[in-house]
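Q: Got a structure for you, written out below as structure tokens; questions coming shortly.
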Amino acid sequence: MATEVTVPVLGESITEATLGEWLKQPGDAVALDEPIASLETDKVSVEVPSPVAGVMGQHAVAVGDTVQVGAMIATVDAGGSAAPKEAAPQPAVTQTPAAPAVAPSPAPAAEAEPTGDSPAALSPSVRRAVLEHGVDPATIKGTGKDGRITKEDVEAAAQNKPAAAPAAAAAPAPAAAATGGRKEERVRMTRLRQTIAKRLKEAQNTAAMLTTFNDVDMTAVIEARAKYKDLFEKKHGVRLGFMGFFVKAATMALKDIPSVNASIEGDDIVYHDYADISVAVSSPGGLVVPVIRDAQDLTVAGIEKTIGDFGKRAKEGALKMDEMKGGTFTISNGGVFGSLMSTPIINPPQSAVLGLHRIEDRPVVVNGQVVVRPMMYLALSYDHRLIDGREAVTFLVALKNAIEDPTRILIDL
């Protein structure tokens with residue numbers, strides 16, 4: 001008996017999605033609640049579970065199609081069994097009296113089911129990354145859900161790939177191919193990427209956006225982290241990073257400069273007495289921005305636990321819609337990718353975003369002496385319709401003071 005698979009409810013105000021990839025093909029065995037397809041929404045990827053155990057039926061839509069909530073996308077034959085793979089017949093062997101018997105050749109193995117590292121099981125973005133970097137997916141250990149390979153796994157493998165051995169000097173250079181090596185590939189933008197593009201352009205068109213910069217000496221935070229990281233991880237079960245310090249320091253600065261934590265709605269300014277901090281984390285489909293709710297009430301350990309959980313589930317595509325909503329202020333850490341300086345774009349309807357960058361040793365003057373210190377550039381992009389330059393600079397200075405003297409975070413100064 002065929003059971004219909006329909007698009008589940010995706011969240012408030014979300015009525016449609018794009019079929020990102022099929023995780024099960026017709027004839028595959030499926031278990032109850034096993035993911036059979038991945039949908040891309042405006043914010044996150046959502047896996048569609050099988051409503052029954054059985055055999056995957058026919059796909060009703062193709063990858064890239066837009067589907068409405070409640071629409072049928074496939075069927076599952078409940079209680080069925082997967083069709084066996086057909087093996088090639090064994091060749092007949094003829095024996096003659098004058099020769100010893102010849103053992104028949106073994107038949108070719110039946111075609112294997114797609115695995116997490118086979119091309120058939122890779123998502124479109126991962127397949128593109130494999131082709132771009134020229135890596136063998138069979139050598140990559142996947143960190144995604146059920147061991148599936150993510151785009152980040154491919155990029156990490158590409159960085160660790162040994163350089164190819166130089167060709168022997170005596171070997172003649174191969175003739176250039178007649179068709180040349182220039183290639184083009186047209187790939188449809190994912191729904192997530194389309195939404196990112198739309199919202200960022202909307203921010204540029206709407207806000208009077210301006211960016212102000214400062215730098216911060218990371219010596220004190222680095223020393224505190226080195227001194228307490230082992231005890232911190234042993235007690236809290238999570239690594240002590242830099243984001244915990246910055247999020248906590250930001251909540252303190254937002255309390256002092258409330259306009260940076262506010263938003264414009266029509267002709268009104270909405271001030272928030274709480275700090276819901278959006279943090280940009282990497283996912284296979286691009287950057288997503290889950291929200292740390294009431295960050296002002298969390299300890300550094302609580303913040304680190306929340307961020308770590310977001311990062312893990314973002315790679316697995318398991319973030320929920322409600323976790324992406326809201327947010328009064330955003331922190332984006334481009335430093336993890338090596339960025340020295342940037343002008344981040346506001347995440348509407350928020351009015352400001354803080355950009356963190358890489359830490360590098362630079363000469364600075366301290367007490368009249370030139371010394372080398374680990375420095376980081378900070379960038380605050382803000383909506384000048386709401387936030388004055390004085391307030392933006394004051395916010396960055398308050399943040400800088402808290403990071404350079406972490407005791408301020410402890411005593412709320």
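The values are calculated or read from the model by the stated rules, or taken from the named source; none is laboratory data. The model shown is predicted, which means the values in this text are computed figures rather than measured ones. Cβ: placed from backbone, ideal geometry, glycine included. Neighbour counts: every protein chain shown. Areas reflect the complete protein model, heavy atoms only, side chains present, ligands, DNA and RNA absent. Shrake-Rupley method; radii C 1.70, N 1.55, O 1.52, S 1.80 Å.
Q: May I ask for the net charge around residue 332, where only other residues with Cβ less than 15 Å from the Cβ of residue 332 are counted and Lys, Arg are +1 while Asp, Glu are -1? Mind showing how you got there, number by number?
A: Values: positive: 199, 358; negative: none.
For residues surrounding residue 332, the net value is +2.
Q: A further question on this structure: Set the Förster distance to 22 Å, then compute FRET efficiency between residue 195 and residue 71 from the Cβ-Cβ distance, nearest 0.05.
A: Numbers: r = 20 Å, r/R0 = 0.92.
FRET efficiency, residue 195 to residue 71: 0.60.
Q: If R₀ is 22 angstrom, what is the calculated FRET efficiency for the pair residue 361 and residue 220, using the beta carbon separation as r and rounding to 0.05? Spell out each step's value before the answer.
A: Working: r = 15 Å, r/R0 = 0.70.
For R0 = 22 Å, the calculated efficiency reads 0.90.
Q: Take the solvent-accessible surface of the protein heavy atoms, probe 1.4 Å, and return the percent of it on segment 264-316 that carbon and sulfur atoms account for.
A: Working: 1270 of 2530 Å².
Within segment 264-316, the accessible surface is 50 percent carbon and sulfur.
Q: If you add up the charges near residue 362, with Lys and Arg at +1 and Asp and Glu at -1, over every other residue whose beta carbon is less than 9 angstrom from its beta carbon, what do you get? List each step's numbers first, then the result.
A: Values: positive: 373; negative: 215, 360, 361.
Around residue 362, the charge tally is -2.
Q: Once fully extended, how much extra length lies between residue 33 and residue 184, figured as 0.36 nm per residue of separation less the alpha-carbon to alpha-carbon distance?
A: Working: separation 151, 0.36 × 151 = 54.36 nm, distance 3.88 nm.
Fully extending the segment from residue 33 to residue 184 adds 50.5 nm.
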